[in-house]
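*Asks:* There's a structure below that I have some questions on.
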Amino acid sequence: MLHAKKTIVPALRLLRRRTIITSSVAPSPDVFIERPEVVVLAESALYGDNNSWEGYSMSFFPSSGLHFASIDVFRRSPAAGHRPRHDGDSLDALERTMAEDLSRLGGDVHDIGDASSSAHVVLIARGPVQCIVAQYFLESSPLAGLVLVDPLLLPENGRPMGGKEGKTNSGGGASPRWTTSLMDLISMLEDAHAASENESAIGPPLLFRDHEGKGEIALLRSLAAKEDLGASSEERHSRPLRLEPGSVPMLVMYSGGDHVHRDRYRICAERTAAFHTCGGKGDHYDQVPVLRIQKDRVVRGGGDDLRASMRLIYEWYDEVVA
């Protein structure tokens, strides 16, 4: 009977917690110096397994002295069983999930001491939903640094003294910035899905697939439905981003290559970086860097393109965060 209690209690504890870490790798014992920060990857399923950064990151960052872990804000807790997510899941709910996952990181990542706090996390948010959730998270929670990869959803500007782009109008209505970027993203994904049967076409890194990223597609469609003109103001997504520029070191990256939507990727990255750029006295600006990923294609074992992207992130971290 005593043996039964010992096996049941851990099981009950598991049910009260989300299974949040999809991978966790400690720094290599052979590294010259072990860094105190933890690199955490939150990645969109819309990239697919073949274009995931997780596998290569698991070897690259630990070999550079950094603990690496990954989280999935769309993953349900074990207590929820196999119940599907409701289409109405909100960005606010995903933000709370991210906060819960990062706050509990220390329970799943061993031997990192004080680095269990999100204040010691360098978060790589890869994908439109992940990027917007990370920015909302940063409004009220700390990070050591934030890397935004393909931030294709542009938030409304909630700053009282914000620039022209994204400001609320004098009547208090919301800027079309959020709605426009959301509709454009859905259209882009649907176009990519329709063109995917053409083997000669070069599709964008984010690709609508029937069997991948269903949670994200459902969320985007739900958000789009709420943005319909027939919805009430309470039902629409109307949460402006009030995050002050220069809150944490930030890097913005976007997928390059020859795909037809490359200009949209670049423009959204530049606008996101401009939103977070901190102006100083005179002509001085603490500019958020924008870097182009040449090709977003993962080669078995880590190809040159992915290796170069990881090196850019590490060099930024080493110069700005560490």
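*Asks:* Is it the case that some residue within the range 146-166 is at pLDDT 90 or above, farther than 17 Å from L223 by Cα and out of contact with any Lys or Arg (no Cβ under 9 Å at 6 or more places or on another chain)?
*Replies:* yes
*Asks:* Check G301, G257 and return the single one that is among the small types (G, A, S), under 27 Å from L66 (Cβ atoms), surrounded by fewer than 21 Cβ atoms within 10 Å (Cβ to Cβ) and modelled with pLDDT under 80. Talk me through it step by step, then tell me what you get.
*Replies:* On the way: G257 fails: under 27 Å from L66 (Cβ atoms).
Answer to the selection: G301.
*Asks:* Within the range 129-147, work out how many residues are of a type in the set (S, T, N, Q) and under 24 Å from R35 (Cα atoms).
*Replies:* 1
*Asks:* Can I ask one more? Would you tally the residues in the range 27-48 being of a type in the set (D, E), at pLDDT 80 or above and either touching a Cys at 6+ places or on another chain (Cβ under 8 Å) or open to solvent by 50 Å² or more (accessible area, probe 1.4 Å) (or both)?
*Replies:* 0
*Asks:* Please specify each residue of the range 93-123 satisfying the condition of being closer than 15 Å to D72 by Cα, at pLDDT 70 or above and not hydroxyl-bearing (S, T, Y). I'd like the intermediate steps shown before the answer.
*Replies:* Within the range 93-123, the first condition is being closer than 15 Å to D72 by Cα, and the residues that meet it are 93-105, 108, 123.
Of the ones still in play, those that are also at pLDDT 70 or above are 93-105, 123.
Listed by number, the residues that qualify are A93, L94, E95, R96, M98, A99, E100, D101, L102, R104, L105, L123.
*Asks:* From the residues in the range 177-197 that are open to solvent by less than 80 Å² (accessible area, probe 1.4 Å) and more than 13 Å from L220 (Cα to Cα), which one is modelled with the highest pLDDT?
*Replies:* We begin by selecting, within the range 177-197, every residue open to solvent by less than 80 Å² (accessible area, probe 1.4 Å); these are 177-189, 192-196.
Next, only the ones that are more than 13 Å from L220 (Cα to Cα) stay: 177, 192-196.
On the way: R177: 83, A192: 71, H193: 66, A194: 67, A195: 61, S196: 59.
Within the range 177-197, the match that is modelled with the highest pLDDT is R177.
*Asks:* Here is a further query. May I ask you to say which residue of H276, H284 is at pLDDT below 95 and open to solvent by 20 Å² or more (accessible area, probe 1.4 Å)?
*Replies:* Within the list H276, H284, the selection yields H284.
*Asks:* Oh, and also: Consider F74 carefully, then state whether it is within 29 Å of L206 (Cα to Cα), modelled with pLDDT under 90, within 12 Å of the chain's Cα centre (by Cα) and not in a strand (DSSP E or B).
*Replies:* Yes: the conditions hold for F74.
The values are calculated or read from the model by the stated rules, or taken from the named source; none is laboratory data. Remember, it's a predicted structure, so these values are computed and weren't measured experimentally. Glycine gets a Cβ as well: all are built from the backbone with ideal geometry, and neighbour counts include every protein chain shown. We work out accessible area using only protein heavy atoms, side chains counted, and drop any ligands, DNA or RNA first. Shrake-Rupley method; radii C 1.70, N 1.55, O 1.52, S 1.80 Å.
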